[in-house]
Structures are given as structure tokens and as C-alpha cells.
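Worksheet for the structure shown next.
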Amino acid sequence: MDAQALIKEQIATNPVVLYMKGTPRMPMCGFSATAVKILQACNLPLFFSVDVLDAPEIREGVKVFSNWPTIPQLYIRGEFVGGCDILREMYENGELKQLLEGIAPPD
């Protein structure tokens, strides 16, 4: 499966997908760490994440897919939401929590 098809499948089959550097337990950059903390603060302790450092084809592919140049990238219900700065702004004004309402963490 090519990177674009894999990305499309990941965001179609998971209600929340965070493409990040590292993992939620061990983020490898400050922006990814901030994104994880924001999702956790929205009462979403678990979510589907992809470590782009382990998958260079996904790292470049997701930038093309979203037409967004940076990592992390958040998708909710199949829609691209944004990167760290947008997540921070949406968290602060309450929009992010509204978008995440009704989403149960993965098993």
C-alpha cells in the first residue's frame, strides 16, 4: 500500500489521528508533546497516533495529503484540523473540545 492510500485508510478508520514525532508516551519534539497534552486535556487520553520518525514515507506523504508543511497534524473524523498552533488556539477557545465530543478512546 502506498503512503497516500495508507494515510487515507488511517484517517478513515480512526476517529482521531495524530501524526507526530515520537509517541504519546515519548514525544520527540516539543510541538508533538504539546499536541498530546492538549488532547489529553480534552479528556482523550488514548488516540491513534503515527510516529512519522519511523515512517519517512508517511512523514512526507502526510504533508502532501494535507497540503500542510509541518508535523504534528491532527485529523478528527476524517477531517484535517491543523498543527500545534491551531490546536492550541482551538483548545483555548473551546472549539477542540466540541469537535472531540462523543469520541471514545480506542480499545
Item to complete: Given the conditions (1) within 14 Å of the chain's Cα centre (by Cα); (2) modelled with pLDDT of 95 or more, report the number of the one that P105 does not fulfil.
Response: (2)
Worksheet item: If you take the residues in segment 33-54 that are under 14 Å from M20 (Cβ atoms), among the small types (G, A, S) and touching a residue at least 12 places away in the same chain (Cβ under 8 Å), which one is surrounded by the most Cβ atoms within 10 Å (Cβ to Cβ)?
Response: A35
Practice prompt. Could you check, for segment 13-29, whether at least one of its residues is buried (at least 19 other Cβ atoms within 10 Å of the Cβ), over 12 Å from the mean Cα position of the chain (by Cα) and either in contact (Cβ under 8 Å) with a residue 40 or more places away in the chain or within 11 Å of P72 (Cβ to Cβ) (or both)?
Written response: yes
Worksheet item: Out of curiosity, is N67 over 17 Å from V17 (Cβ atoms) and either modelled with pLDDT under 95 or loosely packed, with under 11 Cβ neighbours inside 10 Å (or both)?
Response: no
Worksheet item: In this structure, does V81 turn out to be in contact with an Asp or Glu (Cβ under 9 Å, 6 or more places away or on another chain), surrounded by 12 or more Cβ atoms within 10 Å (Cβ to Cβ) and β-branched (V, I, T)?
Response: no
Worksheet item: Among (1) over 18 Å from E95 (Cα atoms); (2) touching a residue at least 40 places away in the same chain (Cβ under 8 Å); (3) surrounded by 17 or more Cβ atoms within 10 Å (Cβ to Cβ), where does I76 come up short?
Response: (1)
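The values are calculated or read from the model by the stated rules, or taken from the named source; none is laboratory data. Values in this document were obtained by computation on a predicted structure and should not be read as measured data. Cβ: placed from backbone, ideal geometry, glycine included. Neighbour counts: every protein chain shown.
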